[in-house]
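What follows is a single structure, written as structure tokens, with notes after it.
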Amino acid sequence: MKKLVKEIKDKTINELEKQIVLSVEEIAKLKLSEKSTPVKDSNSIAKKRKHLAVLLTVLSEKKEVESLQNKKV
């Protein structure tokens, strides 16, 4: 998980926003497909949601840092 967070922190705000949109879409697709056919990995939705939470957290941190830097300038 630490390695994942380091990779995510290296990305820009725009890249993170794109990844968040893709992640939300993927979770929705998994939920729909789970209703029709059972998935082999029943924990896959939870894993995707945790990944989404990490993305959202890093994005909010980056936006906060950016706003603080703009206030100082």
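Values in this text are rule-based calculations from the coordinates and carry no lab data. Note that the structure is a prediction, hence the values are computed from the model and not measured. Using ideal geometry, Cβ is built from the backbone for each residue, glycine included, and neighbour counts are taken over all protein chains shown.
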For the chain, with only Lys/Arg (+1) and Asp/Glu (-1) charged at the beta-carbon, what is the dipole magnitude about the Cα centre, in debye rounded to 20?
220 debye
If you take the beta carbon distance between ASN43 and GLU7 as r and set R0 to 30 Å, what does 1/(1 + (r/R0)^6) give as a FRET efficiency, to the nearest 0.05?
0.90
Starting from the coordinates of the alpha-carbon atoms of the chain, obtain the Kirkwood hydrodynamic radius over all distinct pairs and give the value in Å to one decimal.
13.7 Å
Loop only by DSSP, 10 or fewer other Cβ within 10 Å of the Cβ. Give me the trypsin sites (Lys or Arg not before Pro) in the stretch 1-71 that pass, ordered by residue number.
LYS40
List every DSSP H helix in the chain whose Cα atoms extend 24 Å or more along the helix's own long axis and whose mean Kyte-Doolittle hydropathy is at least -0.5.
13-36
